[in-house]
1. Has the range 24-45 got at least one residue that is modelled with pLDDT of 90 or more and acidic (Asp, Glu)?
2. Working only within the range 54-75, note down all residues that are surrounded by fewer than 15 Cβ atoms within 10 Å (Cβ to Cβ) and in contact (Cβ under 8 Å) with a residue 24 or more places away in the chain.
3. I'm checking my understanding of the structure. Among residues of the range 50-64 that are assigned to a helix (DSSP H, G or I) and within 13 Å of ligand 1 (Cβ to nearest atom), which one is nearest to residue 10 (Cα to Cα)?
4. Taking the conditions exactly as written (surrounded by 11 or more Cβ atoms within 10 Å (Cβ to Cβ), at pLDDT 90 or above and either among the charged types (D, E, K, R) or outside any helix (DSSP H, G or I) (or both)), does residue 16 satisfy them or not?
5. I need the full set of residues from the range 27-53 which are charged (D, E, K, R) and free of Cβ contacts under 8 Å to residues at least 24 places away in the same chain, in order please.
6. As an exercise: evaluate residue 3 against (1) β-branched (Val, Ile, Thr); (2) surrounded by 18 or more Cβ atoms within 10 Å (Cβ to Cβ); (3) without any contact (Cβ under 8 Å) to a residue 40 or more places away in the chain and give the number of the one condition it does not meet.
7. Does at least one position in the range 23-40 carry a residue that is touching a helix residue (DSSP H, G or I) at 6+ places or on another chain (Cβ under 6 Å), within 16 Å of ligand 2 (Cβ to nearest atom) and not in a helix (DSSP H, G or I)?
8. Being part of a helix (DSSP H, G or I), of a type in the set (A, V, I, L, M) and either out of contact with any Asp or Glu (no Cβ under 8 Å at 6 or more places or on another chain) or more than 16 Å from ligand 2 (Cβ to nearest atom) (or both): is that true of residue 70 here?
Amino acid sequence: MTTEQELQSLFNTLDTDQDGKISINDLFLSPGLSAIISSETNSTSPQELLVNYDSDKDGSITFEELMLQLRKQII
Ligand SMILES: [Ca+2]
Ligand SMILES: [Ca+2]
């Protein structure tokens with residue numbers, strides 16, 4: 001069970017430069033990324049994560065996009 005608070009902290013962990021969105025650079029710079037990805041999502045690589053979660057295809061994942069996609073998986 002993932003709460004919104006946990007999602008926010010996951011998002012903050014992934015957003016290494018704290019600009020409010022997760023880019024491919026953030027994903028590569030994130031510490032413990034593979035563990036986070038495998039435990040919280042079904043994606044196996046940063047590229048796959050970005051493709052799966054970037055619903056408006058602007059090259060970065062916002063908190064709303066992350067939440068939307070994770071909610072789809074959970075429910
Ligand atoms: Ca960022
Ligand atoms: Ca996006």
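The values are calculated or read from the model by the stated rules, or taken from the named source; none is laboratory data. Quantities reported herein were computed from a predicted structural model and do not represent experimental measurements. Backbone-built Cβ (ideal geometry, glycine too); neighbour counts: all protein chains shown.
1. There is at least one residue in the range 24-45 that is modelled with pLDDT of 90 or more and acidic (Asp, Glu).
2. To start, the set of residues in the range 54-75 that are surrounded by fewer than 15 Cβ atoms within 10 Å (Cβ to Cβ) comprises 55-59, 64, 68, 71-75.
Residues satisfying the conditions are 59, 73, 74.
3. Of all residues in the range 50-64, those assigned to a helix (DSSP H, G or I) come to 50-53, 63-64.
Subset that is within 13 Å of ligand 1 (Cβ to nearest atom): 50, 63.
Values: 50: 15, 63: 10 Å.
Once the filter is applied, the top-ranked residue is 63.
4. Numbers: surrounded by 11 or more Cβ atoms within 10 Å (Cβ to Cβ): yes; at pLDDT 90 or above: yes; either among the charged types (D, E, K, R) or outside any helix (DSSP H, G or I) (or both): yes.
Taking the combined requirement at face value, the residue satisfies it.
5. Quick first cut of the range 27-53, residues charged (D, E, K, R) only: 40, 48.
Of everything in the range 27-53, just one residue is charged (D, E, K, R) and free of Cβ contacts under 8 Å to residues at least 24 places away in the same chain, namely 48.
6. (2)
7. No, the range 23-40 contains no residue that is touching a helix residue (DSSP H, G or I) at 6+ places or on another chain (Cβ under 6 Å), within 16 Å of ligand 2 (Cβ to nearest atom) and not in a helix (DSSP H, G or I).
8. Values: part of a helix (DSSP H, G or I): yes; of a type in the set (A, V, I, L, M): yes; either out of contact with any Asp or Glu (no Cβ under 8 Å at 6 or more places or on another chain) or more than 16 Å from ligand 2 (Cβ to nearest atom) (or both): no.
Answer is no for this residue.
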